[in-house]
Amino acid sequence: MAAICSVETQLAVERFLYRQAEIVDDREWDAWLALFAEDGKYWMPATADQEVADGQPNIFYEDLFLMEMRIKRVCHPYAHSQAPTQRLSRVVSNVIIESEDGATGDIVVRSKFHLVEYRLDDQRYFGGKYRHHLKQTDDGYRIQLQRVDIANVEGPFGYVLQTWL
Amino acid sequence: MPDGQEVHYGDYVQDDRVHKAVYADQAVYESELDNIFHKKWIYIGHESQVPNPGDYWTTWVGKERMIMSRGSDGAVHVLYNRCPHRGSLICNNEHGNAGKAFRCPYHAWQFYMDGSVRQVPMKQGYDGVIDYKDPQFSMVRAERQGNYRGFIFASLSTEGEDLETYLGQGARAAFDDICNRSPQGEAEIVANCFRIIQHSNWKIFLENQLDAVHPSITHHSTGDAAAAMQKKYKDKTGDDAPMGYQFLADFTLPFEKWDSLQTVGFPNGHTQLTGYMGLRPRDPVTLAHEAALTDAYGAERMDEILSTNVHHVIVYPCLSVQPPLQQLRAVRPLGPNKTLTEIWHFRLKGAPDGIYERALAYYYHVNSPSTMVNADDLNNFRAIQEGLAMVGGGDWVSLHRNAGQDTVDNGVTHSVTGMSEMPMRNMFAAWKQFMTEGN
C-alpha cells in the first residue's frame, strides 16, 4: 500500500526519519524524547505477525516514562555495561508513505533500516523495517507509534539490546 | 592442575573454592556433558507447548538435538531430531505442526509423532533387504522421559533415579508452587521463547541466580533509574507506577534485606532462595486471586499456597525457576564459554488476568531481549569467563562467604544469611558427585 502525496510531504517525512536515526545513533536523549507524542510508544514485537502489543510478550514496548528510565540507566555512572558503550550507525531508506490524513496531516509511513552496532571489539548487524504513525503538530511531526520489526526477531540474541534500534 | 598428569575432577571442587578449569576447560566441559547433561534429568518443555496432534518444539540436551511432539493419541514424546536413514535433522524449524507425520527433507521418510516409521518412498528398494518397520529404522526416543505436573523432562541414560526422586522436595517445589497458585492446579505456557546467548559457562548463570550479594551492585543503575521514575510517574499522573517499576527498583534493596533472606540447599544440587518481593499486597488483583483459590481449595489451603515463600529455585543442572512470577529459564550449554538460555513464562489456569499481567511485566523487564537487568548480568558473565580463561593470575575461585557456617539437617542445608555462598557450594557438591560417581 502506498499513498499519493506531495513531494513536500515525502521530503518532510524523510527528513524526520533521517533526523530520528541520527538522534538515536548519536545518543541525543532529550531530542529523542521530544520526537514522541505525549502518549507515544516505541514498539518492537516479539513475532513478525504480531498485531497488538498490549497483554503480549514484546521485545520493546515503551512509553515516555519507560524510555526516560532507560536513558537514566544508560547515563548512570554505575552502568558498567555501558563502559564501553555501544556505538550505532544506521541507514534508513525505502521510505513509503502509506497514508496521509487530508484533515489532520497525520502520516503512516514504512521504511527499511540497516544498522551496525559496535561494542567491545564486536560488531552486530540488524536489519528490519520501521512503521511510523506520525502526528502532525504546529511544531512538526511527533511519533504516535513506532513499530520496529527486526529480521532476526526470534533470535537468538548474542547480547541484549540496551537502547532502541 | 591440582593432580599432575592425571586429572580427578573431584579435586577441582573443595569445600570453599573451585578450580577455574571447571568453567573454562574444554575437557572438563565434555566430561560434564557425558556425566551430567547426558545422564541426569534435563528439562525439555511444558506439555502445553504442544497442545495439538502434530505439534512439536525442538531443543537441546547437551550436544543432542531433541524434539518434543504430540501424537494423535494425545501422548507427548521426546525424540532425537535425527532421521534413521541417513542421519539428517528432521525438524529444521524451532517449532511447528508436522501434520500426521514428520517428513525428512532429504528422501521423504515419514515418521509418526512417536518416532515410528509411517512410510518410506519407493520401498521396493528395500524388499528382501530390510524390514523398514524394524525399530532401528524409527526415530530414536529419549532413553527415559518423565512428566512432573506438565513439565516434561528427559534423561539420555537408561539408568539412575526416576524423575520425581531426582527432583526431590527441593526441585519439585518449583513446579508445585507454580501449579498450586492456579485454581485449577495447572500452568499453561505462553508460546513465546526468548533466546539469549551467554558468552560464559552454564554454571555462572545458575550461580548468579541465587547470588543475593550482586543485585544491589550489578544492577545499581537500573534500580536507581526505576526508583526515580516510579516517583516521577506518581508525581505526574497521581497514580502508582505499574508493578514493573517496583520489580526493577527491588534490585537495589538494602543489604539488610538480602541478609535476612534464606537459601536452602537440597540433594542433587537443587537450591532455593526464599522470597523477598512483596507479592501479596492488598491490591484488587491479589484479592481476586485469593478469592479464586479460596473457592477452589478453601481459605486455609489458599493461605498456605500464597504464603509459600520460594522466590527462586535452581533445578540442577538445567533450570532457573521463579514460581511466584511464573518465570522459567532453561540452560543449554553450547560450549565451555557459550550457553543458550531459553526463557519462558506461564499463565495460571483460572487465575485473574492481573496475575498474568504481573508475570508478563517481569518477563518484559527482566527477561526480554531489551532487559535492563540482564544487560548487566551478561556483561559480568562475559567478563568472568574471560578472566577465568587466563592461564595466569590465579587458579581458584572463592566461595568462602559464610563457609563452614551452614547447618545441615537430613541432607538439607540452610545458610545463615541470604548472602551466603552456600548455593554455589551446594551446586558444586552435586557437580563433584555427578562427575566422579561413575569412576
- Subset of the stretch A:39-52 (residues that are surrounded by fewer than 20 Cβ atoms within 10 Å (Cβ to Cβ), at the interface with chain B (Cβ under 8 Å from one of its Cβ atoms) and not in a loop (DSSP other than H, G, I, E, B)): none
- Query: Just checking, which of B:239, B:235, B:224 is more than 24 Å from the chain's Cα centre (by Cα), assigned to a loop (DSSP other than H, G, I, E, B) and within 14 Å of another protein chain (Cβ to nearest Cβ)?
  - Reply: B:239
- Which residue, of A:57, A:77, is more than 16 Å from the chain's Cα centre (by Cα), within 10 Å of chain B (Cβ to nearest Cβ) and crowded, with 17+ Cβ neighbours inside 10 Å? A:57
- Message: Being more than 27 Å from residue A:79 (Cα to Cα) and either small (Gly, Ala, Ser) or within 14 Å of chain B (Cβ to nearest Cβ) (or both) narrows it down to one residue among A:149, A:122, A:138; which is it?
- Response: A:149
- Consider residue B:368 carefully, then state whether it is within 14 Å of chain A (Cβ to nearest Cβ) and under 24 Å from residue B:43 (Cβ atoms). yes
- Message: Return the residues of the stretch B:392-415 that are of a type in the set (A, V, I, L, M) and loosely packed, with under 15 Cβ neighbours inside 10 Å; say none if nothing qualifies.
- Response: B:408
- Query: Quick one: would you say residue B:42 is farther than 20 Å from residue B:171 by Cβ and in contact with a strand residue (DSSP E or B) (Cβ under 6 Å, 6 or more places away or on another chain)?
  - Reply: no
- Message: Going residue by residue through the stretch B:156-171, is there one that turns out to be in a helix (DSSP H, G or I), among the acidic types (Asp, Glu) and closer than 28 Å to residue B:39 by Cβ?
- Response: yes
- Residues of the stretch B:35-57 being out of contact with any Gly (no Cβ under 9 Å at 6 or more places or on another chain) and part of a strand (DSSP E or B), in sequence order, are B:43, B:44, B:45
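Please verify whether the stretch B:171-183 includes one or more residues that are of a type in the set (S, T, N, Q), surrounded by 20 or more Cβ atoms within 10 Å (Cβ to Cβ) and either over 21 Å from residue B:70 (Cα atoms) or in the same structural domain as residue B:306 (by TED's automatic domain parsing) (or both).
Checked against the condition, which is being of a type in the set (S, T, N, Q), surrounded by 20 or more Cβ atoms within 10 Å (Cβ to Cβ) and either over 21 Å from residue B:70 (Cα atoms) or in the same structural domain as residue B:306 (by TED's automatic domain parsing) (or both), the stretch B:171-183 yields at least one hit.
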- Query: Pick from the stretch B:357-378 the residues that are in contact with a Gly (Cβ under 8 Å, 6 or more places away or on another chain) and under 18 Å from residue B:280 (Cβ atoms): which of them is surrounded by the most Cβ atoms within 10 Å (Cβ to Cβ)?
  - Reply: B:362
- Task: Give the stretch A:125-135 a look and list any residue that's closer than 20 Å to residue A:62 by Cα and either more than 14 Å from chain B (Cβ to nearest Cβ) or touching a Ser or Thr at 6+ places or on another chain (Cβ under 7 Å) (or both), or say none.
- Result: A:129, A:130, A:131, A:132, A:133, A:134, A:135
- Does at least one position in the stretch B:198-216 carry a residue that is without any contact (Cβ under 8 Å) to a residue 60 or more places away in the chain, closer than 20 Å to residue A:61 by Cα and either crowded, with 17+ Cβ neighbours inside 10 Å or out of contact with any Cys (no Cβ under 8 Å at 6 or more places or on another chain) (or both)? no
- Note on the structure: Scanning the stretch B:69-95 for residues that are in contact (Cβ under 8 Å) with a residue 24 or more places away in the chain and more than 25 Å from residue B:41 (Cα to Cα), the one surrounded by the most Cβ atoms within 10 Å (Cβ to Cβ) turns out to be B:85
- Task: Filter the stretch B:58-68 down to the residues that are part of a strand (DSSP E or B) and not hydrophobic (A, V, I, L, M, F, W, C), then identify the one that is surrounded by the most Cβ atoms within 10 Å (Cβ to Cβ).
- Result: B:59
- Note on the structure: By residue number, the members of the stretch B:172-205 that are out of contact with any Phe, Trp or Tyr (no Cβ under 7 Å at 6 or more places or on another chain) and either among the aromatic types (Phe, Trp, Tyr) or part of a helix (DSSP H, G or I) (or both) are B:173, B:174, B:176, B:177, B:179, B:180, B:194, B:202
- Just to be sure, is residue A:55 of a type in the set (Gly, Ala, Ser), free of Cβ contacts under 8 Å to residues at least 60 places away in the same chain, within 27 Å of residue B:373 (Cα to Cα) and not in a helix (DSSP H, G or I)? yes
- Note on the structure: Filter the stretch B:47-57 for residues that are over 20 Å from the mean Cα position of the chain (by Cα) and at negative phi; the one that is surrounded by the most Cβ atoms within 10 Å (Cβ to Cβ) is B:55
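Report, by residue number, each residue of the stretch B:130-143 that is assigned to a loop (DSSP other than H, G, I, E, B) and either modelled with pLDDT under 95 or not assigned by TED's automatic domain parsing to the domain that holds residue B:78 (or both).
Correct list: B:130, B:131, B:132, B:133, B:134.
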- Task: Specify which of the listed residues (B:230, B:209) is at negative phi, more than 14 Å from every other protein chain (Cβ to nearest Cβ) and not basic (Lys, Arg).
- Result: B:209
- Message: Being touching a residue at least 40 places away in the same chain (Cβ under 8 Å), within 14 Å of another protein chain (Cβ to nearest Cβ) and of a type in the set (D, E, K, R) is the requirement here; does residue B:195 meet it?
- Response: yes
- Message: Return the pair list, or none, for Cβ contacts closer than 6 Å from residues in the stretch A:31-51 that are touching a residue at least 24 places away in the same chain (Cβ under 8 Å) to residues that are of a type in the set (Phe, Trp, Tyr) and outside any helix (DSSP H, G or I), at least 6 apart or on different chains.
- Response: A:42/A:60; A:42/A:164; A:43/A:61; A:44/A:60
- Note on the structure: Residue hits (the stretch B:396-436; charged (D, E, K, R) and touching a helix residue (DSSP H, G or I) at 6+ places or on another chain (Cβ under 8 Å)) are B:406, B:432
- Message: Please count how many residues of the stretch B:206-221 are of a type in the set (A, V, I, L, M), over 12 Å from the mean Cα position of the chain (by Cα) and not in a loop (DSSP other than H, G, I, E, B).
- Response: 1
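The values are calculated or read from the model by the stated rules, or taken from the named source; none is laboratory data. What you see is a predicted model; the values in this text were computed from it and never measured. Reconstructed Cβ throughout: ideal geometry from the backbone, glycine too, with neighbour counts over all protein chains shown.
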